[in-house]
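A short worksheet on the structure shown next.
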Number of protein chains: 8
Amino acid sequence: MSKRVLILMGSDSDLKIMKGACEALEDLGVGYEVRISSAHRVPDKTADLAKGAAQRGFGAIIAGAGGAAHLPGVLAAHTTLPVIGVPIDTGSLRGVDALYAIVQMPKGIPVATVAVNGAYNAGLLAAQILAVGDEALARRLSEYRAKMAAQVEEKDADLQKLGVEGYLARRS
Amino acid sequence: MSKRVLILMGSDSDLKIMKGACEALEDLGVGYEVRISSAHRVPDKTADLAKGAAQRGFGAIIAGAGGAAHLPGVLAAHTTLPVIGVPIDTGSLRGVDALYAIVQMPKGIPVATVAVNGAYNAGLLAAQILAVGDEALARRLSEYRAKMAAQVEEKDADLQKLGVEGYLARRS
Amino acid sequence: MSKRVLILMGSDSDLKIMKGACEALEDLGVGYEVRISSAHRVPDKTADLAKGAAQRGFGAIIAGAGGAAHLPGVLAAHTTLPVIGVPIDTGSLRGVDALYAIVQMPKGIPVATVAVNGAYNAGLLAAQILAVGDEALARRLSEYRAKMAAQVEEKDADLQKLGVEGYLARRS
Amino acid sequence: MSKRVLILMGSDSDLKIMKGACEALEDLGVGYEVRISSAHRVPDKTADLAKGAAQRGFGAIIAGAGGAAHLPGVLAAHTTLPVIGVPIDTGSLRGVDALYAIVQMPKGIPVATVAVNGAYNAGLLAAQILAVGDEALARRLSEYRAKMAAQVEEKDADLQKLGVEGYLARRS
Amino acid sequence: MSKRVLILMGSDSDLKIMKGACEALEDLGVGYEVRISSAHRVPDKTADLAKGAAQRGFGAIIAGAGGAAHLPGVLAAHTTLPVIGVPIDTGSLRGVDALYAIVQMPKGIPVATVAVNGAYNAGLLAAQILAVGDEALARRLSEYRAKMAAQVEEKDADLQKLGVEGYLARRS
Amino acid sequence: MSKRVLILMGSDSDLKIMKGACEALEDLGVGYEVRISSAHRVPDKTADLAKGAAQRGFGAIIAGAGGAAHLPGVLAAHTTLPVIGVPIDTGSLRGVDALYAIVQMPKGIPVATVAVNGAYNAGLLAAQILAVGDEALARRLSEYRAKMAAQVEEKDADLQKLGVEGYLARRS
Amino acid sequence: MSKRVLILMGSDSDLKIMKGACEALEDLGVGYEVRISSAHRVPDKTADLAKGAAQRGFGAIIAGAGGAAHLPGVLAAHTTLPVIGVPIDTGSLRGVDALYAIVQMPKGIPVATVAVNGAYNAGLLAAQILAVGDEALARRLSEYRAKMAAQVEEKDADLQKLGVEGYLARRS
Amino acid sequence: MSKRVLILMGSDSDLKIMKGACEALEDLGVGYEVRISSAHRVPDKTADLAKGAAQRGFGAIIAGAGGAAHLPGVLAAHTTLPVIGVPIDTGSLRGVDALYAIVQMPKGIPVATVAVNGAYNAGLLAAQILAVGDEALARRLSEYRAKMAAQVEEKDADLQKLGVEGYLARRS
């Protein structure tokens, strides 16, 4: 049976950003489960979710957090599954705080960090990780890439046809 | 009996900085215990140290960490004792990573953050916290402040006597 | 009698943020007094407030400031009570200026710094400090933590029931 | 047959940092190939290495780069294998330039970013990715984690025995 | 025949900013072609556009990109024409990510970087580059500068006449 | 006759911020002249304004600029009058660009820099400079300070009377 | 009688940098007094120094400080003399902390900020301020500028004579 | 006759970095002249050098500067030749100050900015600009690129032969 992806966040205020990860996984036909579980407010439950993840059939974990973003690192401490961290821009420091708090993990416990608010790419990365051992998924990823390329080509063709002003007028 | 201070760090490479906290506590006659316990490499032991700290007679916790510095926040999640965080400059990002990862804690779980590499001040702050309920310690803090002030006065007097060049010559 | 918390800010424009500290202290049943007193515009009065704080029954001071945020450090220079600093985001530098101006205090005079705009956590931290010598308050803090945990659990349960789209729809 | 890891860097000046990735993979018994291939100086060869990687039995790619660090992203554009990026501190901007140039990838093409100079963790992360489909490797990762934990415990035990001064004296 | 300028961007969302380059080139009577071609989503087509640019009569390339902005550097790897990079502010990191990812190019492959969102100046710079071998264009540039200077003089004259309040009132 | 203050900016888009300097000078009864003159678009006129300023009875110059803010430094190169620089927040880099471009002047040519968008304080500083040789102005400055202090005292008194909620309600 | 300059710093560790201010004042024949007086360790003495400065014949104050650099702002709160602040690079944050803590003063109390470690320029600026009311000093400033210009001209002449390699060889 | 490149810096302390530009131009057979001329200390001479540059046969200008790096922008204000700016790391702010002060030029006056300390690339960029109208130089640039590519290929071949340890041993 195909492995699924566990998506966590510490607060429901992060859900609007983190649903990007769900969308990517749906685009690629990968199953997932979304949980709210804070590294600081329910630390034991959070540890348990990480410890049991492999057993429950998850192949990767995605965790989004803002500020002193400890959730991805705390999960990574409790599992050897790959953990993908999404720094979330939640205020004055514009996500730089979350980026540093996620990416600068100490020797021994890596977190695979993506862009600030980059939840969609976190979903893609999880799919790429699962695809290492899943050829059908690897094929779907290739098709997804081809579709993306075609969209860029199409926009360029439209721009050649419409010109800059025409293209911008159409978009608004 | 007087409360003591629990000092933690995740790696023995932080000890050279963190011993500043020991020095401050010794200067003020406050007892302490120093432990190496990583939030990422031994997460369960670390949680246990925090959970048992109040019971074991500690009145405050000091935690130093560099990079994605999760240790102070992870400890704070497991105790309601005040946790003082010391961001440590461990590399390319010069401690800004650790500062953001410690100070930007989410609503509900504060960490009392001091300056980058400010372990000595962390010790003083722990003493100030314990002194809220310990008048003898409060008096020692006042005397410590008076001694600091006298040292500044003395340096200024020396400077007036020696002049800038003379003063700098004497120091080297 | 229980100790109270003195809350200061230099300008009434900071009050909207700083009332978060009042809310936290009310949530935990801790008394407080709120004052407007600028380190730069009324420096002598500000010094007097700090000097008299212990005498007047305060056990901790919370000071919020933006920009070249000197208020917490100036207060800390005049008392050995723990001073908690709240960096406030007041303009172009997004509170990084205030954070650096508060957290980077020199050896000898610490300020317990919390997150940018983190006034609520400053209130919690003050309560945690007072609770070191006040068992009833310590118990209220534990109950507060349990309530926070229950809220996270409840949100997670709702999310499992409603799904991502349903949950987000309900919130808006 | 077990999948291997392809390690790339644009300049041999990065090799001193990047050999950390080799060490991690050796610690975990994962095969690898190390190549020098610049995204800017030999762009076509670099593209070819990425395009052919899956075919040649690689399951993940690690790429290290400093400054305007394009190598990981350029590789990611030519393969759906997971690409791990290592920002390298090569000068005045202390690796912040490389971090931003690697982690902030656009929607559609993620790069799994680790800490500045974090090549060792990049190796671990590659192993964790391959372990999703390789139970023997997953077991080796668990053993590795246990060994790390034991080392921390041992250092803490030594510290309790020797005290701070004794411990620091022994290390120097 | 006069050389033209090739303007590229990776996404049509950058067009609103990048049309500033078109305006500058029109103001100076320089021909141009605008293309959408992503370094990550259609890397081969992007390489081909750079490789063929000199042959097709372009004398300079302008490329705008945000985030991990690789497009200018990727183009520069495939041509010896001068490449001008425009960092675009596309989100939380306010264009600092794009600036670093464009300006910090490694030895051997320069990119002429302009201000964040500075597409208009990129157009001017391209014109200045073409004008090195085109005296008529150089003259148009001098006239353009004289016109700019006259506008500043005129505004100053208006300000002297209207006063600060009057001038601001007129503008709103 | 009393010396006046010359206020310059490179673009009329800065006038909205820079009129703060006019207000401060009016509050203190100091005369001024406001000019639009760009260091880059009309460099010779700008140099002439600086060169002739002392002769025309100006005792200080205030210059506001955003981005690569050269105006204050360029003026300072052409006069030995004190030049006060106001970094203006004009875009993505939030005035940090202007701050660095103004404050980091090389040895030999200082610029007295104030806060980002701090035009009002620039006016006060100019007045403080002129007051060194103008006792009547020095007295007006003291009265201004006393008035500021009284306003803070009054706000604090209102807050004590109205309470936090009442005070905030009144303001909105 | 000519006015003098009061130079302050909070710690004798800043003296090595701050003597640059003395050198500049000596180069220009301006008298000065140097004092060690900390805003945090001897706040009342520091306030008294500021309050009495005008009375004692000082026309400007220079204050250097690192970290949460409060000294210049604290002095400015107690005098209407112009206060020049020198941010000092004292550690991990490389003087950015001191720069923000000095330059971002609130409305009403400006500090004239110079470059990080720019004590020499602080001395020049103080001289320029005193020269507003002292024509002899203004002439010495003009002569100083002419001498600086001549030195640059001389270096350029040497470079034309010796060539790049020859010039560099001579310097080492 | 082939156009040459004018290389300027404000201080001879920048010559060690700026000779990288000379080396690049020599590698490509482009003539140049190197001058020391400060935007702040000899502003009129600096303006004259820019104004006369086109007339004297220069086709591009390279200017290096640190701190509040005004030189490139000041030159650009006085010529329509392309001006290439090299931000130099001269102190605490690590060249970020110079980068912002050079790259963030206002609308109308662009500066082609390269990496911090990137003088060699500035030389290459100048050559690429001159090559737009000089086919022989364009060919030399292509050959230069081919040689660079060959060097990378050779290093990679050596690495395959020697292995990581062997390769690193040989280099030291």
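Residues are listed down the side, and each one gets a yes or a no for (1) without any contact (Cβ under 8 Å) to a residue 24 or more places away in the chain; (2) within 20 Å of B:Gly66 (Cβ to Cβ); (3) of a type in the set (Lys, Arg):
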| position | (1), (2), (3) |
| --- | --- |
| A:Ile61 | no, no, no |
| A:Pro72 | no, yes, no |
| A:Thr80 | no, no, no |
| A:Asp89 | no, no, no |
| A:Pro106 | yes, yes, no |
| A:Ala112 | no, no, no |
| A:Ala119 | no, no, no |
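When the residues of segment F:131-151 are filtered to those that are more than 7 Å from every other protein chain (Cβ to nearest Cβ) and of a type outside the set (D, E, K, R), which remaining residue is nearest to G:Val111 (Cα to Cα)? First the steps, then the outcome.
Of segment F:131-151, the ones more than 7 Å from every other protein chain (Cβ to nearest Cβ) are F:134-137, F:139-140, F:143-144, F:146-147, F:150-151.
Retained after the next criterion (residues that are of a type outside the set (D, E, K, R)): F:136-137, F:144, F:146, F:150-151.
Working: F:Ala136: 22, F:Leu137: 18, F:Tyr144: 17, F:Ala146: 18, F:Ala150: 22, F:Gln151: 21 Å.
So, considering only residues that are more than 7 Å from every other protein chain (Cβ to nearest Cβ) and of a type outside the set (D, E, K, R), the one nearest to G:Val111 (Cα to Cα) is F:Tyr144.
Within segment G:19-42, is there a residue that is of a type in the set (Val, Ile, Thr), within 11 Å of chain B (Cβ to nearest Cβ) and within 11 Å of B:Val152 (Cβ to Cβ)?
Going residue by residue through segment G:19-42, those that are of a type in the set (Val, Ile, Thr) are G:30, G:34, G:36, G:42.
Remaining after also requiring within 11 Å of chain B (Cβ to nearest Cβ): G:34, G:36, G:42.
Right, trim to within 11 Å of B:Val152 (Cβ to Cβ) and you get G:36, G:42.
Within segment G:19-42, one or more residues are of a type in the set (Val, Ile, Thr), within 11 Å of chain B (Cβ to nearest Cβ) and within 11 Å of B:Val152 (Cβ to Cβ).
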Margin query: If C:Ile17 satisfies all but one of (1) in contact with a strand residue (DSSP E or B) (Cβ under 9 Å, 6 or more places away or on another chain); (2) part of a loop (DSSP other than H, G, I, E, B), what's the number of the condition it fails?
Written below: (2)
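Among the residues in segment H:157-169, are any within 9 Å of chain E (Cβ to nearest Cβ) and free of Cβ contacts under 8 Å to residues at least 12 places away in the same chain? If you could, list the steps in order and put the result at the bottom.
Residues of segment H:157-169 within 9 Å of chain E (Cβ to nearest Cβ): none.
No - not one qualifying residue is present in segment H:157-169.
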Note to self: Quick check on segment B:1-18: of everything there that is within 13 Å of B:Leu75 (Cβ to Cβ) and aliphatic (A, V, I, L, M), which residue is farthest from the other protein chains (Cβ to nearest Cβ)?
What the structure shows: B:Leu6
Next item on the list: For segment H:91-106, state whether one or more residues are more than 12 Å from chain E (Cβ to nearest Cβ) and closer than 29 Å to G:Ala169 by Cβ.
Entry: yes
Next item on the list: Only residues that are in contact (Cβ under 8 Å) with a residue 12 or more places away in the chain and either part of a strand (DSSP E or B) or closer than 21 Å to E:Ala126 by Cβ (or both): list them for segment H:134-148, please.
Entry: H:Asp134, H:Leu137, H:Leu141
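Out of all the residues in segment F:33-47, which are closer than 23 Å to H:Leu71 by Cβ and in contact (Cβ under 8 Å) with a residue 12 or more places away in the chain? Spell out how you get there, then give the answer.
Step one: list which residues in segment F:33-47 are closer than 23 Å to H:Leu71 by Cβ, which gives F:37-47.
Scanning segment F:33-47 gives F:Ser37, F:Ser38, F:Ala39, F:His40, F:Arg41, F:Pro43, F:Thr46, F:Ala47.
Condition check ((1) facing chain A (nearest Cβ under 10 Å); (2) closer than 22 Å to D:Leu49 by Cβ; (3) without any contact (Cβ under 8 Å) to a residue 24 or more places away in the chain; (4) of a type in the set (A, V, I, L, M)) across all residues:
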residue: D:Gly67; (1), (2), (3), (4): no, yes, no, no
residue: D:Leu75; (1), (2), (3), (4): no, yes, no, yes
residue: D:Val83; (1), (2), (3), (4): yes, yes, no, yes
residue: D:Val116; (1), (2), (3), (4): yes, no, no, yes
residue: D:Ala126; (1), (2), (3), (4): yes, yes, no, yes
Margin query: Within segment B:54-65, take every residue that is under 14 Å from B:Glu33 (Cβ atoms) and crowded, with 24+ Cβ neighbours inside 10 Å and give me the one that is farthest from the other protein chains (Cβ to nearest Cβ).
Written below: B:Ala63
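Is it true that some residue in segment C:68-78 is crowded, with 23+ Cβ neighbours inside 10 Å and more than 17 Å from the chain's Cα centre (by Cα)?
yes
Take A:Val164 and tell me if it is in contact with a Cys (Cβ under 6 Å, 6 or more places away or on another chain) and surrounded by fewer than 24 Cβ atoms within 10 Å (Cβ to Cβ). Let's see the steps before the verdict.
Values: in contact with a Cys (Cβ under 6 Å, 6 or more places away or on another chain): yes; surrounded by fewer than 24 Cβ atoms within 10 Å (Cβ to Cβ): yes.
Spelling it out, A:Val164 is indeed in contact with a Cys (Cβ under 6 Å, 6 or more places away or on another chain) and surrounded by fewer than 24 Cβ atoms within 10 Å (Cβ to Cβ).
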Margin query: Which condition from (1) surrounded by fewer than 23 Cβ atoms within 10 Å (Cβ to Cβ); (2) among the polar types (S, T, N, Q); (3) touching a helix residue (DSSP H, G or I) at 6+ places or on another chain (Cβ under 7 Å) is the one that B:Thr113 breaks?
Written below: (1)
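Restricting to strands (runs of 3 or more DSSP E) lying wholly in segment E:27-124: which have 2 or more residues that are in contact with a Pro (Cβ under 6 Å, 6 or more places away or on another chain) and either at pLDDT 95 or above or acidic (Asp, Glu) (or both)? Talk me through it step by step, then tell me what you get.
Numbers: elements: E:32-36, E:58-66, E:83-88.
Because the criterion is at least 2 residues that are in contact with a Pro (Cβ under 6 Å, 6 or more places away or on another chain) and either at pLDDT 95 or above or acidic (Asp, Glu) (or both), the strands (runs of 3 or more DSSP E) in segment E:27-124 that meet it are E:58-66, E:83-88.
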Next item on the list: Exactly one condition in (1) surrounded by fewer than 21 Cβ atoms within 10 Å (Cβ to Cβ); (2) over 15 Å from B:Ser92 (Cβ atoms) is not met by D:Met105; state its number.
Entry: (1)
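The values are calculated or read from the model by the stated rules, or taken from the named source; none is laboratory data. Keep in mind the model is a prediction, meaning the values are calculated, not measured. Please note: Cβ atoms are built from the backbone with ideal geometry, for glycine as well, and neighbour counts cover all protein chains shown.
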